[in-house]
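Note sheet for the following structure.
The values are calculated or read from the model by the stated rules, or taken from the named source; none is laboratory data. If you're wondering where the values come from, they're calculated on a predicted model, not measured in any experiment. Note: ideal-geometry Cβ built from the backbone for every residue, glycine included; neighbour counts use all protein chains shown.
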Amino acid sequence: MSLADNIKRLRENKGLQQKQVAIEVGLGISHYNKIENRQREASVELLDKLVKLYDVSIDAIVHMEGEVPKEIVIEDKTTSEQMRLI
């Protein structure tokens, strides 16, 4: 799923209209609509506002399907594995 699809799904899950979200995040309705329809990219600033509005993490918006990358502790790896990860 794309970032735009994730943003749209969050809005729909909360039962909000595009107009309501646009007002909350300080965008024009047309601008917000274009983000959900993949005609414009969402800025980091917008993502930050959506995180606060929906009370989720940025990872939850970007990786909505539960595909959040796992944290890797590099110190636990062999030297060759550390080099590969870097």
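Summary table
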{"read-out": "Residue list for segment 21-44, filter: acidic (Asp, Glu) and either surrounded by fewer than 14 Cβ atoms within 10 Å (Cβ to Cβ) or touching a Gly at 6+ places or on another chain (Cβ under 9 Å) (or both)", "value": "GLU41"}
{"read-out": "Scan of segment 5-35 for residues that are in contact with a Lys or Arg (Cβ under 9 Å, 6 or more places away or on another chain) and either at pLDDT below 95 or of a type in the set (Gly, Ala, Ser) (or both), ordered by number", "value": "ASP5, GLY26"}
{"read-out": "All positions within segment 1-49 that are of a type in the set (A, V, I, L, M, F, W, C), over 16 Å from VAL62 (Cα atoms) and in a loop (DSSP other than H, G, I, E, B)", "value": "LEU16, LEU27"}
